[in-house]
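Heads up: the structure comes next, in structure tokens.
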Amino acid sequence: MSIAIVNGIRLSYHMVGEGPLVLLIMGSGSPGRAWRTYQVPALVQAGFRVATLDNRGIAPSEESADGITIDDLVADSAALIEYLGTPAHVVGTSLGALVAQELALGRPELIDHAVMMATAGRPHPMLLALNAGERALHDQNVRLPPEYGAAIKATLHLSPHTLEDPAAAQHWLDMFEFSASAAAAPGVRAQLGIDYSRNRLFEYTQITTPSLIIAFSDDLLAPPMYCREVAAAIPGARYAEIDRCGHLGYLERPEEVNRVVIDFLPGRRNQDH
């Protein structure tokens, strides 16, 4: 990991590979290393220089426990792209997709192509309710039994098709239980306070960056309908829907997700032919 002092804060990032720059932006509460099992190796093999970052709120980046906004994350990512060298392809999922959309809208000169997974352009009641509930649990110092928390996470974030396999279900439950056993850090709580209530679909009609919207068919938190709305709002945007996966589709069906992303991004692999 490397540390860059950008936008007035400390940002932790990791970069590997050679070629056109791809910045991967993770969702709420998750570190950048979540991309490294599947997406980073595939992109490097395809001929890209790939950077992952720990968003503001995720240590060792600045935790900003006094509060975080979408605009903060957008400014952080823009500053990191300028630090690493422009332009960049930007790929984001969930909260990271919202950041990518706002980057494409406000700082188009920094972005070559944009990919948004599991996204939305307007508030989704499930996401708002879950976010409010997680804030309340933290603020009231309520700790769910890790086994129960893991079951809730698996149900909300994964496809029923994934959970049909007992071995796969147990693997995910073990992983979620391990993460649930740790108390939320101040920066993670600050990320939970991000305002998701804005309807930005009209503003997204002004995006000119070539964009790809990826939906996951069984996503409860960013249903395909919401992703299709974003694709319809952005002029010329492409839309792809990955079957049999939920909100964590990039981990449930990584080969399919990687193929769709790499086919969309121009880079050394395409330029050599």
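What follows draws every value from the coordinates through simple rules; no lab data is involved. Predicted, not measured: the structure shown is a model, and the values here were computed from it. Backbone-built Cβ (ideal geometry, glycine too); neighbour counts: all protein chains shown.
Counting each DSSP H run of 4 or more residues in the chain as -39500 (n - 2.57), what helix-only mean residue ellipticity at 222 nm follows after dividing by all residues, to the nearest 500 deg cm²/dmol?
Theoretical 222 nm ellipticity from helices: -12500 deg cm²/dmol.
What's the FRET efficiency of ALA65 with ARG238 using the Cβ-Cβ distance as r and R₀ = 41 Å, to the nearest 0.05? Show your work: numbers first, answer last.
Numbers: r = 38 Å, r/R0 = 0.94.
Plugging the Cβ-Cβ distance into 1/(1 + (r/R0)^6) gives 0.60.
Could the peptides 204-214, 134-144, 152-162 be put in order, highest first, of the mean number of other beta-carbon atoms found within 10 Å of their residues?
Details: 204-214: 20.7, 134-144: 11.9, 152-162: 18.0.
Packing proxy ranking, top to bottom: 204-214, 152-162, 134-144.
Taking the Cα-to-Cβ direction at ASP165 and at ILE5 and moving 7 Å from each Cα, how far apart do the two end points lie in nm?
With each label point 7 Å from Cα toward Cβ, the separation is 4.8 nm.
Just to be sure I understand the model, the point goes 7 Å from the Cα along the line to the Cβ. What's the resulting VAL44 to GLU82 distance in nm?
2.9 nm
If you build a Gaussian network model of the chain, linking Cα atoms that sit under 10 Å apart, which residue out of VAL99, VAL188, VAL16 swings the most?
VAL16
Sorted from largest down, give the three principal axis spans of the alpha carbons of the chain, whole angstrom values.
53, 42, 37
For the stretch 1-138, what log10 I(q)/I(0) values come out of the Debye formula at q = 0.13 1/Å, with one point per alpha carbon and no solvent?
The calculated log intensity ratios at q = 0.13 Å⁻¹ are -0.52.
Over the chain, what is the relative contact order in whole percent, taking alpha-carbon pairs under 8 Å and six or more residues apart?
Details: 561 pairs, mean separation 58.3, N = 273.
21 percent.
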